[in-house]
1. Hey, what do the phi angles of segment 213-224 turn into as Karplus ³J(HN,Hα) couplings, whole Hz, using 6.51/-1.76/1.60 and θ = phi - 60°, x for Gly and Pro?
2. Tell me the angle of helix 184-201 to the major Cα principal axis of the chain, expressed in degrees between 0 and 90 and rounded to the nearest ten.
3. What whole-number distance in Å separates the alpha-carbon centres of segment 189-239 and segment 428-488?
4. How many percent of the alpha carbon pairs in segment 121-201 exceed a separation of 18 Å?
5. Along the charge dipole of the chain, pointing to its positive end and built from +1/-1 on Cβ of Lys, Arg, Asp and Glu, which listed residue (461, 396, 252) has its Cα farthest out?
6. Size of the dipole of the chain about the Cα centre, Lys and Arg at +1 and Asp and Glu at -1 on the beta carbon, nothing else charged, in debye to 20?
7. Could you pull out the pairs from 424/527; 102/171; 81/105; 416/473 whose alpha carbons sit more than 27 Å apart here?
8. Within segment 287-325, list the residues whose amide N lies under 13 Å from a label point set 7 Å along Cα→Cβ of residue 336.
Amino acid sequence: MENQNIRTPEQDSSEDFAAMFAESELRTGQVEEGRVVSGTVIQITKDYVVVDIGYKSEGQVPLNEFIPVPGGDPQIKIGDKVEVLVESRENDTGMVVLSKEKADKMRIWDEISAACERDELVEGMIVGRVKGGLSVDIGVKAFLPGSQVDIRPVRNLDKLIGEKFKFKVIKFNKKRGNIVLSRRVLLEKEREELKKETLKNLKEGAVLKGVVKNLTDYGAFIDLGGIDGLLHVTDMSWGRIGHPSEMFEVGQEVRVVVLKFDPASERVSLGLKQIQEDPWHRADEKYPVGTRVKGKVVSLTDYGAFIELEQGVEGLVHVSEMSWTKRVKHPSKLLNAGEPVEAVVLDIDPKAKRISLGMKQIEPNPWTLLEDKYPIGSVIRGEVRNVTDFGIFVGVEEGIDGLVHVSDISWTERIKHPGEKFKKGDVVEAVVLNIDVENERFSLGIKQNQADPWTTLAERHPVGSRLKGRVTKVTDFGAFVEIEPGIEGLVHVSEMRDERVENPHDVVKEGEEVEVKVIDIDSHERKVALSIKALTRDGGEDEYREYLRKQGDGRARLGDLMEKFNRRKG
């Protein structure tokens with residue numbers, strides 16, 4: 001508030017008289033409520049400051065009225081002279097209720113009222129946050145609503161604490177001691193003056209200077225001087241921009257061109273890239289397919305890296321085009337933002353503003369050499385690098401693994417998971433089964449190191465042979481007997497005894513060794529039919545086959561049952 005400390009002789013005389021009158025009242029033991037009196041601090045408690053005002057009882061002032069900044073220390077000590085307002089003569093404790101804050105307000109109230117009448121501004125410092133806005137010290141505490149802080153909402157009001165500004169008083173109530181300020185009114189007035197000047201030069205095609213006022217996901221708002229224009233993210237650069245903050249920051253001065261202006265709505269569309277020539281116009285001439293180029297990594301995503309070849313022209317190196325052999329989970333494993341790289345142009349579409357680049361094409365493809373180094377049928381020795389549900393990966397060369405599918409691990413064992421037999425780091429020998437250069441697949445087999453025992457099973461155990469084996473599984477339709485490691489045959493319930501068997505568990509037990517007779521072998525289907533009761537039958541094999549025929553094609557029936565059992569075990 002201007003000139004608020006200049007006093008006239010008349011004012012000093014008037015105040016001296018008022019002080020003498022108040023002192024007279026105090027001597028007589030009378031003090032009027034609502035009057036400002038002078039006193040001396042004689043005690044400071046946890047919650048109050050006790051003041052001697054010459055009355056028969058001391059008065060008390062809330063301690064927080066002497067704390068200028070919330071959370072700060074009281075600015076008062078014993079012996080200080082203070083002016084206070086008498087709110088009531090005595091309270092329940094016999095103390096006079098006093099207020100320093102209200103006394104301060106009353107002392108300068110007339111000055112603020114006069115400033116309002118003259119439409120003058122007041123100056124003050126923002127001292128703290130309060131509900132709904134800020135507290136401002138203009139000699140007394142005044143309230144600055146959050147909506148009156150600035151033209152646009154301020155997200156972080158705390159950053160204004162400690163700042164000095166000029167304000168306009170928009171509301172005051174002498175009786176309640178309530179003062180409401182506004183800074184927005186001043187800013188709007190200043191902005192309106194700037195706007196008049198800006199509108200004189202605002203037209204499509206005009207190149208203007210402005211200041212970045214706000215950033216959003218879709219663009220930047222530029223203050224042209226009293227009026228804002230939108231610089232959309234697509235009009236910032238000929239290249240792709242993920243977010244306006246990549247190019248601008250609030251408060252930055254920029255030079256833009258007016259793309260569109262609607263005087264009725266006062267909407268302004270701005271452009272930055274339009275000031276420069278589109279670099280994509282001749283991109284296909286500068287970067288034909290097959291060209292080896294140099295660039296800088298400007299952005300990394302999950303699927304690849306964007307390489308800036310020149311200002312506004314970027315190409316994408318897909319993660320699959322980074323290495324012939326390495327399985328790149330994320331581009332950041334190979335590249336860093338700002339790093340220079342070399343690549344080969346794989347494809348270019350100037351209209352869509354897309355260039356596909358490849359880094360691995362700088363080096364020869366090692367997969368094209370594998371067929372000569374590892375012909376089909378050759379045996380390799382390598383370390384197990386990974387174990388999955390469907391097989392194991394064996395290291396062939398640096399970055400190249402061969403897959404041994406679970407079905408190619410053993411001729412006879414039923415392996416539910418490769419982890420049952422292998423772990424990372426195991427060294428194995430495997431046979432090369434197939435190499436698919438185009439799809440970069442290398443197929444290996446472990447069981448192919450040995451002959452398939454099923455192909456010669458009928459020679460080792462012809463039909464009619466008597467064998468001993470161990471019962472591995474008993475079901476409701478029969479029992480499975482292991483006749484060789486990994487090779488099982490089925491003894492159907494009908495082949496256990498001459499008489500009808502209701503429960504196979506009554507005849508054999510799991511783990512029990514039994515003698516059986518081979519009654520049929522199908523090496524292609526990997527099925528063996530066995531019989532216990534056939535051991536006690538007389539006659540040759542021809543008679544026994546006739547017996548099976550009478551039973552209704554026993555081989556087919558046993559085969560169906562074995563297939564059913566295999567499905568259950570799988």
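1. In residue order, the calculated couplings are 9, 7, 10, 10, 5, 9, x, 10, 8, 10, 7, 8 Hz.
2. Helix 184-201 sits at roughly 70 degrees to that axis.
3. When both Cα centres are located, 79 Å separates them.
4. Numbers: 1366 of 3240 pairs.
Result: 42 percent of Cα pairs exceed 18 Å.
5. 252
6. Values: 86 positive and 101 negative charges, 94 e Å.
It works out to roughly 460 debye.
7. Values: 424/527 34 Å; 102/171 17 Å; 81/105 17 Å; 416/473 17 Å.
Violating the 27 Å Cα-Cα cut-off are 424/527.
8. Of the residues in segment 287-325, 297 have backbone N under 13 Å from the label point off residue 336.
Computed from the coordinates by the stated procedures, all read-outs in this text should not be read as laboratory data. The shown structure was predicted, so the numbers you read here are calculated from the model rather than taken from an experiment. Glycine gets a Cβ as well: all are built from the backbone with ideal geometry, and neighbour counts include every protein chain shown.
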